[in-house]
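Read the structure below first, then the notes.
The values are calculated or read from the model by the stated rules, or taken from the named source; none is laboratory data. Nothing here was measured: the structure is a model prediction, and the numbers come from that model. Methodologically, a virtual Cβ is constructed for each residue, glycine included, from the backbone with ideal geometry; neighbour enumeration extends over all protein chains shown.
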Amino acid sequence: MSLRDIPLTTISGSTTTLAEHQDKVVLVVNVASKCGLAPQYDTLEAMYQKYRDRGFIVLGFPSNQFFQEPGEGESIEETCRINHGVTFPLFEKTKVNGKNAHPLYDELTKTPDAGGKAGKIKWNFEKFVITPDDEVHRFRPTTVPDAPEVISVIEGALRN
């Protein structure tokens, strides 16, 4: 099964896949509203607003893997909307590491970061940029979403 065909469940319970966004630059990020890195939500939303008309989308995957996303469904969505103005799509609470990790994260974590290290998610807000030609680029949690190296990958893959 390809990365684009892995079944995903939205925060509202609908089923979809990354194939829905085949022609887009997709930024997949594991998020948590109680994390010290939660201000990254604001930057992710700003990037979504700036680039979405050029074929960019942010997909947020709430995770309590690091015990910083205690909510469920509607409460997560409401917290993200009220506190950070999030309008990009959110998905059901997702395990990103371990034997019960979601198949999407099983695949994504095979991608090495800039230092050549693949493997488990280190913390909340680890980012994966997937280009329309299915290249995957990995950025660790402390790399801010609008860091030059992230923007370079996104802008290089966007439609004009």
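Quick notes on this structure:
- Residues (of a type in the set (Gly, Ala, Ser) and either over 17 Å from Asn124 (Cα atoms) or exposed (fewer than 13 other Cβ atoms within 10 Å of the Cβ) (or both)) located in the range 68-105: Gly73, Ser75, Gly85, Gly98
- Residue within the range 34-41 that is at pLDDT below 95, surrounded by fewer than 20 Cβ atoms within 10 Å (Cβ to Cβ) and within 22 Å of Ala157 (Cα to Cα) present: no
- Residues that are surrounded by 14 or more Cβ atoms within 10 Å (Cβ to Cβ) and of a type in the set (A, V, I, L, M) within the range 1-33 comprise Leu3, Ile6, Leu8, Ile11, Leu18, Val25, Val26, Leu27, Val28, Val29, Val31, Ala32, listed in sequence order.
- Looking across the range 127-160, not a single residue is among the charged types (D, E, K, R), assigned to a loop (DSSP other than H, G, I, E, B) and in contact with a Phe, Trp or Tyr (Cβ under 7 Å, 6 or more places away or on another chain).
- Hey, Glu92 more than 20 Å from Arg4 (Cβ to Cβ) and of a type in the set (D, E, K, R) or not: no
- Count of the range 74-107 residues which are more than 13 Å from the chain's Cα centre (by Cα), outside any loop (DSSP other than H, G, I, E, B) and more than 20 Å from Asp42 (Cα to Cα): 3
- Scanning the range 124-149 for residues that are in contact (Cβ under 8 Å) with a residue 40 or more places away in the chain and of a type in the set (Val, Ile, Thr) turns up Val129, Ile130, Thr131, Val136, Thr142, Val144.
- Residues that are hydrophobic (A, V, I, L, M, F, W, C) and within 15 Å of the chain's Cα centre (by Cα) were ranked within the range 1-18; the one that is nearest to Phe88 (Cα to Cα) is Ile11.
- Considered as a group, the residues in the range 30-73 that are polar (S, T, N, Q) and not in a loop (DSSP other than H, G, I, E, B) include one that is nearest to Asp146 (Cα to Cα), and that residue is Thr43.
- Among residues of the range 132-160, those that are crowded, with 16+ Cβ neighbours inside 10 Å and over 17 Å from Lys50 (Cα atoms), counted: 6
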